[in-house]
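Readers should treat all values here as calculations from the given coordinates under stated rules, not as data from a laboratory. What you are looking at is a predicted structure, and each value in this text was computed from that prediction instead of being measured. With ideal geometry, Cβ positions are generated from the backbone for all residues, glycine too; neighbour counts draw on all protein chains shown.
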Amino acid sequence: KVFDRPTRWTLNAFFLRRATKRKPEATVERKDAPRGRHYLEVEERGGARPKTGIERLIIGNVAYEDHIEAVVPARGARLNAHGNLPAGQIQRALSNIGAQQDRAQNSTDGSRKRSARAARYFVPKPGQLSPGVWKRQGKRLTKFLSFTDRLPRYGARFDMEGHGRIVAAREMPGRMRAAIRKAFSTAR
């Protein structure tokens with residue numbers, strides 16, 4: 001309820017370690033976040049968002065004269081149903097601007113010729129257009145990503161532990177009675 005159009009990863013970010021007769025203790029834990037998926041911690045406590053994988057790739061692999069601290073979707077960017085940039089479009093953009101970590105994944109002159117009608121992504125020189133990654137499709141130009149000189153900051157939004165306590169207080173008595181009944185009915 002706290003998040004706007006959460007992804008499946010966000011909805012399934014927690015798991016239950018069930019209690020047993022030998023270990024009568026249950027815990028709800030957050031799944032380990034894959035590299036770059038750290039947004040739940042930021043949503044919990046607030047503050048500056050750590051650098052994303054896209055930001056690290058662009059900052060580390062693209063020659064750009066100005067300072068880049070963060071990369072965010074531009075107004076003209078097409079977003080998916082969850083409000084995020086589609087992964088395929090991100091990969092094409094990173095490939096076109098030469099930001100892929102594996103150099104074999106970056107676009108070459110030959111690959112550009114084979115897909116002549118495909119959109120081209122580029123980073124303009126400072127002063128030509130506003131800082132970011134731009135998309136050219138035919139004669140149409142749209143901004144895909146914006147470069148900023150400061151990291152986005154978030155306010156505390158989701159008190160995981162406090163919410164867990166509320167749910168536990170509400171659910172625990174009934175669940176405990178049912179578990180004790182089941183334990184006695186299956187006792188040897």
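In the chain, a dipole from Cβ-located charges (positive for Lys and Arg, negative for Asp and Glu) runs towards its positive end, and of 152, 173, 126 it is 173 whose Cα lies farthest in that direction.
The long axis of helix 160-185 is offset from the longest Cα principal axis of the chain by roughly 40 degrees.
The amide H of residue 77, built 1.01 Å from its N in the peptide plane, has no neighbour under 5 Å, considering only residues 5 or more places off or on other chains. Couplings 3J(HN,Hα) for the range 57-71, derived from phi with the Karplus relation 6.51 cos²θ - 1.76 cosθ + 1.60 (θ = phi - 60°), are 5, 5, 5, x, 10, 10, 6, 9, 6, 7, 7, 10, 9, 9, 10 Hz, where x marks Gly and Pro.
Our coupling estimate for the range 46-52, obtained by passing each phi through the Karplus curve with A = 6.51, B = -1.76, C = 1.60 and θ = phi - 60°, is x, x, 6, 7, x, 5, 8 Hz, Gly and Pro reported as x. Between exposed GluC sites (Glu not before Pro) in the chain, where DSSP calls loop and at most 16 other Cβ atoms lie within 10 Å, what's the longest gap? Excluding the exposed sites themselves, the longest stretch runs over 70-188. Here the Karplus curve 6.51 cos²θ - 1.76 cosθ + 1.60, taken at θ = phi - 60°, turns the phi angles of the range 123-137 into couplings of 10, x, 5, x, x, 6, 9, 5, x, x, 10, 10, 10, 10, 10 Hz, with x standing for Gly and Pro. Note on residue 181 and residue 165: the extension gain reaches 3.4 nm, defined as 0.36 nm multiplied by sequence separation minus the Cα-Cα distance.
Run the dipole for the chain about the Cα centre, Lys and Arg Cβ at +1, Asp and Glu Cβ at -1, nothing else charged, and hand back the magnitude in debye, nearest 20. Let's see the in-between values first.
Details: 41 positive and 17 negative charges, 209 e Å.
Its charge dipole is roughly 1000 debye.
Compute the angle between helix 87-96 and the longest alpha-carbon principal axis of the chain, please, reported from 0 to 90 degrees and rounded to the nearest 10. In the chain, helix 87-96 runs at an angle near 30 degrees to the longest axis.
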